[in-house]
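Remarks on the structure that follows.
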Amino acid sequence: MNSLTRYERHLILPGVGDEGQQKINSARVLIVGMGGLGSPVALYLAAAGVGTMGLSDFDLVEESNLQRQVIHSMQSIGKPKVESARERINALNPHINVAVHNVKLDSENAVGIIKSYDIIADCSDNFETRYILNEACVLLEKPCIHGSIFEFRGQVSVFCTEEGPCYRCLYPEPPPGRVFGTLGTLPGIIGSIMANETLKLILKAPNLAGRLLLFNAWETNFKELRVEKDENCPICGKNIVT
């Protein structure tokens, strides 16, 4: 591989350079959920040269996914999403090591799947998986980039860092769940920000830990909220009994 050619625009970038690109090439990132959010996260991290990428999902590609899940194609319909995504990643950057986890992530297998990765990108679409991921990341001390979307709105943050809050600090209890529509471009925007935060974690750059970035695609505006670590959090608080 001619790294000088492929990663030239990184190598000349202040704050990245050859040392930073080596960190990216050595990084191990797990993406949980290969749908609307996982698609841009996987594509941009593969393009950036993240050396090892894990893909976790147990769904098959359906035609209705293609409105927003841009890593898949018409030829992918009926295939496991992780296999479809691996094919696309390999076509984009054949030098990436891609591991697939074609299982439903649950409380029994989460730690075993997560433990071999440096950073977790939570692109899941349900609170059960988010809480399971959050608890495993706190236990294993793995930073977790969170992204979620709802109709025209999306949010991104970084949880489970050494000093920052975890997902339970923000959402102690899950709100009621329901089926909702999604503007097709929204997961592309939120997923791209998640990929950006992933690269910054790899490069030890300032990130969204302790901050919740909110985006409204209909009004085209961003807002930011502070998220404090909850000392009484049942997952990461000071009074946890182990």
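The values are calculated or read from the model by the stated rules, or taken from the named source; none is laboratory data. Quick caveat: nothing in here was measured; it's all calculated off a predicted structure. Cβ sites come from the backbone with ideal geometry, for glycine too, and all protein chains shown count toward neighbours.
What to note about this one:
- Beta carbons closer than 6 Å, at least 6 apart along the sequence or on distinct chains, pair a first residue in region 158-172 that is more than 13 Å from G237 (Cα to Cα) and touching a residue at least 24 places away in the same chain (Cβ under 8 Å) with a second that is of a type in the set (F, W, Y) and assigned to a helix (DSSP H, G or I) for F159/Y167.
- Of all residues in region 37-49, those that are in a loop (DSSP other than H, G, I, E, B) and out of contact with any Lys or Arg (no Cβ under 8 Å at 6 or more places or on another chain) total 1.
- Test: residue in region 125-133 that is surrounded by fewer than 22 Cβ atoms within 10 Å (Cβ to Cβ), in contact (Cβ under 8 Å) with a residue 12 or more places away in the chain, of a type in the set (S, T, Y) and in contact with a helix residue (DSSP H, G or I) (Cβ under 6 Å, 6 or more places away or on another chain): no
- Pairs meeting the criteria (first residue in region 182-211 and in contact (Cβ under 8 Å) with a residue 24 or more places away in the chain, second residue polar (S, T, N, Q) and part of a loop (DSSP other than H, G, I, E, B), beta carbons under 6 Å, at least 6 apart or on different chains) are E197/N207; L201/N207; A209/T161.
- Scanning region 71-101 for residues that are assigned to a loop (DSSP other than H, G, I, E, B) and in contact with a Ser or Thr (Cβ under 8 Å, 6 or more places away or on another chain) yields I71, H72, S73, I96.
- Residue within region 174-197 that is assigned to a loop (DSSP other than H, G, I, E, B) and crowded, with 20+ Cβ neighbours inside 10 Å present: no
- Failed criterion for W218 (all others in (1) within 21 Å of the chain's Cα centre (by Cα); (2) more than 18 Å from P143 (Cα to Cα); (3) of a type outside the set (V, I, T) hold): (1)
- Filtering region 107-158 to residues that are in contact with a Phe, Trp or Tyr (Cβ under 8 Å, 6 or more places away or on another chain), assigned to a strand (DSSP E or B) and over 28 Å from N25 (Cβ atoms) leaves F150, E151, R153, G154, Q155.
- Region 10-33 residues that are farther than 19 Å from I96 by Cβ and assigned to a strand (DSSP E or B), paired with ones that are modelled with pLDDT of 95 or more and acidic (D, E) (beta carbon under 6 Å, 6 or more apart): none
- When each of E87, E108, E83 is tested for being modelled with pLDDT of 95 or more, over 28 Å from V179 (Cα atoms) and charged (D, E, K, R), the lone residue that passes is E87.
- Boolean, I71 is surrounded by 16 or more Cβ atoms within 10 Å (Cβ to Cβ), over 24 Å from T185 (Cβ atoms), at pLDDT 95 or above and not small (G, A, S): no
- For region 167-202, the tally of residues that are modelled with pLDDT of 95 or more, of a type in the set (S, T, Y) and closer than 24 Å to E219 by Cβ stands at 2.
- Check on C160, at positive phi, surrounded by 19 or more Cβ atoms within 10 Å (Cβ to Cβ), modelled with pLDDT of 95 or more and not aliphatic (A, V, I, L, M): yes
- For region 74-106, a tally of residues being surrounded by 18 or more Cβ atoms within 10 Å (Cβ to Cβ), within 22 Å of A27 (Cβ to Cβ) and polar (S, T, N, Q) returns 1.
- Condition met for M34 (in contact with a Lys or Arg (Cβ under 6 Å, 6 or more places away or on another chain), under 17 Å from C144 (Cα atoms) and of a type in the set (A, V, I, L, M, F, W, C)): yes
- Region 223-241 residues that are surrounded by fewer than 17 Cβ atoms within 10 Å (Cβ to Cβ) and modelled with pLDDT of 90 or more, paired with ones that are of a type in the set (G, A, S) and part of a loop (DSSP other than H, G, I, E, B) (beta carbon under 6 Å, 6 or more apart): E231/G237
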